[in-house]
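Participant: Could you have a look at this structure, given as structure tokens, before my questions?
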Amino acid sequence: MKVRGGTLRAAAMQSSVAAGHGRVNGRVAILLVGALAVGGGIPARAGNIFGSQPVPDWVKAAAQQKLPEFHGNPKAVVLLEETTYTVDQKGQAVEHVRRVVKILRPQGRDYGYPSVWYDKDSKVLSLHVWSIDPAGHEYTVKDSDILDVGAPGEGGELYSDDREKVADPPGRDPGGIIAYEYEKRERPYLAEANWQFQDDLPRMQQRFTIALPVGYTYTTTWARHAKVEGIDLENHSYRWEMKDVPAIDLDHVPMAPNEGALAARMTVHYAGPGLAQPQDGTWQGIGEWYDGLSRDRLVSTPDIAAKAAELTAGKTDFYDKAEAIGDFVQQKIRYFVIEMGVGGYQPHAAEDIFRGRYGDCKDKATLLSAMLSSVGIHSALLMVDSERGVIDPDAPSIWGNHMIGAIEIPKGYDSPKLHSVVTAKTGKRYLIFDPTWYLTPFGQLEDNLQGSYGVLMEGKESQVIELPVLDPTLNTIRRTGKFELSADGSLKGSVTDLRFGDLAETRRQVFSSEGEKKQTEYMNRVISQDFTGATMTGLKVENVDALNKDLTTTFDLQASHFARFTGPLLMVRPRVLGSYGLDVDRKARQVEIDLEQTMQGTDEYDIELPQGYVVDELPDPVKIDVGFASYVSSTELHGRVLHYSRTYTVKQVTVPATKYPEVQQLAAAIAADEDSQAILKRGN
């Protein structure tokens, strides 16, 4: 898993309207178990000594609904969710939420933790939690039993002021009802409110209401859902309703896209006389807003300029200069997160980032821009999401969770080194580069961002752009091996494995951060996928830190019982090691297919036959091309040497669901080839 997301605070963190309410991570769950072991819930009854409110009628009414027949087997169901978002004349907002969930299966207990996120610029005004257990007993959770916990740090996060109020009510069992109501005052950094009305649970009744001051106007954008007109409630309030929204069920779906790339949502952009930064509901408007946050942070200083000059000394080519600075920011500036309030969106000043030698994603992109500008190269910030498909080009909003760089390419400049290139509507070309992810070579783009969208922050020229899908030859595995097969079926030989691009990431991480013992254990696990009783010796690795060179792994291999006897015949697998197998099923496909990355893998293996054996039968060659991918293999006899070769190429990162039969066909061809056997018999 690449750890780099979450540094540009996602809209789901900005407003819990967008979050999947009520599901918490494992760390918070552990805290809850310990803290609530003694207290727990209080049986709700009118006038009890704790002054707790009885279970409200709206909870009971939602709980009494008859459930429909659900597609699949959901873990829980949202019976009711009502959100009212009230904006005042100064642009401040109060969010009021009611939510009722019924747990259907034991695995649904995680959806029974009511929670509300907040930070230093927001305040939870109230939170009330109730539950009804499967036997019908009603409970109210005391305010004192609601925990206030800090967000768990992830991937270099030093400090964040995000906090969560969370409760562990009784009755979190199949058939139990969990309900809560909260009110939170917010200071929206951007004049937009997001309503995500679809996630991994089915939802029966949902309402979203926005109340605006006199003189305010609004527009809406819709992601993955047709536009729905709001109901005018008068008094400048507007409501949208949804019923029986199906869950996004990706359990047991092979090669599934990210849930966020499928979830439907609405964004309300509003404007009025009390707002310093009105929102017009366009990508340009978002870019201009962010330009106001970041412009003065991108300024270079004498120290920054001196370092940039040092890095580019003697270099005159655009790519060479940009690469030198890009490598410095990528490798020498530590990924470290400190976020408070708007700091979840606004980068620190380039001067501070350079001095401290650390920063989060938007900080690293900011320093990159400042350093490049000092040598005459323009760079813009580019907001993306760490999961492909989450940003919808037809639904402007500040929804992304990651920031990278877009380096403007001089007009008329060309080079074979330019790979991750986009052309904006202005005609300007940009080289897209992520200075945060330290294992992707400069000039390329990590696989999870390819084929997605980003917001180019260029003031009045701000726009959404589609990120490129790179050529398969930039992400490669090339394996070769020479082996000797003995008459007892054992195999010995040597292997050379060359990897470049994202396919080298895991090994670069292991061989750069783990000790020799862990490295050997990792390689033994790799070998064990293709052999039983194999021994690896002489492991050597080269170019671990040289991202622009092949990561080269060599080792010797000895495997007993590689070939197996069937009567007088000896069965040998020409495909000695390595697999390109695809995980498919036989079900009808409803969602697009995520192939993860473009790539090209080649294998060349020579197996010298044992004395006294000759070839009786060879596997048939394989050649299949389904457009988005191809696979070619052959097994030939060269004298007394069995020669196996194959090439597997993936040209697209996503394909439509209608192409699933072709994916199944490709998977079957690969599986059959990888399991195919050459048959040897005794002879001269």
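Participant: Quick one: in segment 296-310, of everything that is assigned to a helix (DSSP H, G or I) and touching a residue at least 24 places away in the same chain (Cβ under 8 Å), which residue is farthest from ALA324 (Cα to Cα)?
Facilitator: Kept after step one, since they are assigned to a helix (DSSP H, G or I), are these residues of segment 296-310: 296-297, 302-310.
Filter once more, so that each one left must be touching a residue at least 24 places away in the same chain (Cβ under 8 Å): 296-297, 303-305, 307-309.
Working: ASP296: 24, ARG297: 22, ASP303: 17, ILE304: 14, ALA305: 13, LYS307: 11, ALA308: 9, ALA309: 10 Å.
Within segment 296-310, the match that is farthest from ALA324 (Cα to Cα) is ASP296.
Participant: Any residue that is touching a helix residue (DSSP H, G or I) at 6+ places or on another chain (Cβ under 6 Å), part of a loop (DSSP other than H, G, I, E, B) and farther than 22 Å from GLY285 by Cβ - is there at least one of those in segment 221-230? First the steps, then the outcome.
Facilitator: Here is the first cut: in segment 221-230, the residues touching a helix residue (DSSP H, G or I) at 6+ places or on another chain (Cβ under 6 Å) are none.
Among the residues of segment 221-230, not one is touching a helix residue (DSSP H, G or I) at 6+ places or on another chain (Cβ under 6 Å), part of a loop (DSSP other than H, G, I, E, B) and farther than 22 Å from GLY285 by Cβ, which makes the answer no.
Participant: Any residue at all in segment 511-522 that is open to solvent by less than 20 Å² (accessible area, probe 1.4 Å) and under 30 Å from VAL421 (Cα atoms)?
Facilitator: Checked against the condition, which is being open to solvent by less than 20 Å² (accessible area, probe 1.4 Å) and under 30 Å from VAL421 (Cα atoms), segment 511-522 yields no hits at all.
Participant: Can you tell me which residue in segment 440-469 is nearest to ASP392 (Cα to Cα), limited to those that are open to solvent by less than 10 Å² (accessible area, probe 1.4 Å), aliphatic (A, V, I, L, M) and within 18 Å of the chain's Cα centre (by Cα)?
Facilitator: The qualifying residue nearest to ASP392 (Cα to Cα) is VAL455.
Participant: Answer yes or no as to whether GLN206 is outside any strand (DSSP E or B) and either on the phi < 0 side of the Ramachandran plot or in contact with a Gly (Cβ under 6 Å, 6 or more places away or on another chain) (or both). So that I can check it myself, show each step before the final result.
Facilitator: Numbers: outside any strand (DSSP E or B): no; either on the phi < 0 side of the Ramachandran plot or in contact with a Gly (Cβ under 6 Å, 6 or more places away or on another chain) (or both): yes.
Spelling it out, it is not the case that GLN206 is outside any strand (DSSP E or B) and either on the phi < 0 side of the Ramachandran plot or in contact with a Gly (Cβ under 6 Å, 6 or more places away or on another chain) (or both).
Participant: Next question, about the same structure. Please go through segment 182-211 and pick out each residue that is touching a His at 6+ places or on another chain (Cβ under 6 Å) and open to solvent by 10 Å² or more (accessible area, probe 1.4 Å). Outline the logic, then answer.
Facilitator: Keep residues of segment 182-211 that are touching a His at 6+ places or on another chain (Cβ under 6 Å), which gives 183, 192.
GLU183 - this is the single residue of segment 182-211 that is touching a His at 6+ places or on another chain (Cβ under 6 Å) and open to solvent by 10 Å² or more (accessible area, probe 1.4 Å).
Participant: Could you grab the pairs with beta carbons closer than 6 Å, sequence gap of 6+ or different chains, first residue in segment 538-566 and assigned to a loop (DSSP other than H, G, I, E, B), second one of a type in the set (Ser, Thr, Tyr)?
Facilitator: Final answer for the pair search is ASN543/THR552; VAL544/SER512; SER560/SER490.
Participant: Count, please, the residues in segment 584-616 that happen to be of a type outside the set (Gly, Ala, Ser) and more than 30 Å from PRO661 (Cβ to Cβ). Steps first, please.
Facilitator: Our first condition is that a residue be of a type outside the set (Gly, Ala, Ser); within segment 584-616, this holds for 584-587, 589-600, 602-611, 613-616.
Now drop any that are not more than 30 Å from PRO661 (Cβ to Cβ), which leaves 604-611, 613-616.
Residues that pass the stated criteria total 12.
Participant: From the list ALA629, ALA669, exactly one residue is more than 28 Å from PRO468 (Cα to Cα), hydrophobic (A, V, I, L, M, F, W, C) and open to solvent by less than 70 Å² (accessible area, probe 1.4 Å). Which is it?
Facilitator: Numbers: ALA629 fails: more than 28 Å from PRO468 (Cα to Cα).
Exactly one residue qualifies, and that residue is ALA669.
Participant: In segment 159-180, what residues are part of a strand (DSSP E or B) and either open to solvent by 30 Å² or more (accessible area, probe 1.4 Å) or aliphatic (A, V, I, L, M) (or both)? Walk me through how you get there before you give the answer.
Facilitator: Within segment 159-180, the first condition is being part of a strand (DSSP E or B), and the residues that meet it are 159-160, 163-166, 177-180.
Scanning segment 159-180 gives TYR159, ARG163, LYS165, VAL166, ILE177, ILE178, ALA179.
Participant: Based on what the data block shows, is LEU293 over 30 Å from LEU666 (Cα atoms), open to solvent by 20 Å² or more (accessible area, probe 1.4 Å) and aliphatic (A, V, I, L, M)? Outline the logic, then answer.
Facilitator: On the way: over 30 Å from LEU666 (Cα atoms): yes; open to solvent by 20 Å² or more (accessible area, probe 1.4 Å): yes; aliphatic (A, V, I, L, M): yes.
Judged against the criteria, LEU293 is a match.
Participant: Under 19 Å from the mean Cα position of the chain (by Cα), part of a helix (DSSP H, G or I) and under 30 Å from ALA256 (Cβ atoms) - does that describe any residue in segment 377-398?
Facilitator: no
Participant: Looking at (1) of a type outside the set (A, V, I, L, M, F, W, C); (2) within 30 Å of TYR580 (Cα to Cα); (3) surrounded by fewer than 16 Cβ atoms within 10 Å (Cβ to Cβ), which is the only condition GLU259 fails?
Facilitator: (3)
Participant: I've got another one for you. Scan segment 119-134 residue by residue and report those that are open to solvent by less than 40 Å² (accessible area, probe 1.4 Å) and at pLDDT below 95.
Facilitator: ASP119, ASP121, SER122
Participant: Assigned to a loop (DSSP other than H, G, I, E, B), open to solvent by less than 30 Å² (accessible area, probe 1.4 Å) and within 28 Å of ALA671 (Cβ to Cβ): which single residue out of GLY493, GLY581, GLY489 fits that description?
Facilitator: On the way: GLY493 fails: assigned to a loop (DSSP other than H, G, I, E, B); GLY581 fails: open to solvent by less than 30 Å² (accessible area, probe 1.4 Å).
Checking each option against the conditions leaves just GLY489.
Participant: Taking the conditions exactly as written (touching a helix residue (DSSP H, G or I) at 6+ places or on another chain (Cβ under 9 Å), of a type in the set (D, E, K, R), open to solvent by 10 Å² or more (accessible area, probe 1.4 Å) and over 28 Å from ASP363 (Cβ atoms)), does ARG478 satisfy them or not?
Facilitator: Details: touching a helix residue (DSSP H, G or I) at 6+ places or on another chain (Cβ under 9 Å): no; of a type in the set (D, E, K, R): yes; open to solvent by 10 Å² or more (accessible area, probe 1.4 Å): yes; over 28 Å from ASP363 (Cβ atoms): yes.
Considered against the rule, which asks whether it is touching a helix residue (DSSP H, G or I) at 6+ places or on another chain (Cβ under 9 Å), of a type in the set (D, E, K, R), open to solvent by 10 Å² or more (accessible area, probe 1.4 Å) and over 28 Å from ASP363 (Cβ atoms), ARG478 comes out as no.
Participant: When only residues in segment 611-623 that are in a loop (DSSP other than H, G, I, E, B) and within 49 Å of the chain's Cα centre (by Cα) count, which is farthest from GLY683 (Cα to Cα)? Spell out the reasoning first.
Facilitator: Step one: list which residues in segment 611-623 are in a loop (DSSP other than H, G, I, E, B), which gives 611-612, 618-621.
From what's left, within 49 Å of the chain's Cα centre (by Cα): 618-621.
Values: LEU618: 16, PRO619: 19, ASP620: 22, PRO621: 24 Å.
Out of the qualifying residues, it is PRO621.
The values are calculated or read from the model by the stated rules, or taken from the named source; none is laboratory data. Treat the numbers as computed from the prediction; the structure is a model and nothing was measured. Neighbour counts are summed over all protein chains in view; Cβ atoms, including those assigned to glycine, are modelled from backbone coordinates with ideal geometry. Only protein heavy atoms, including side chains, enter the accessible area calculation; ligands, DNA and RNA are left aside. Shrake-Rupley method; radii C 1.70, N 1.55, O 1.52, S 1.80 Å.
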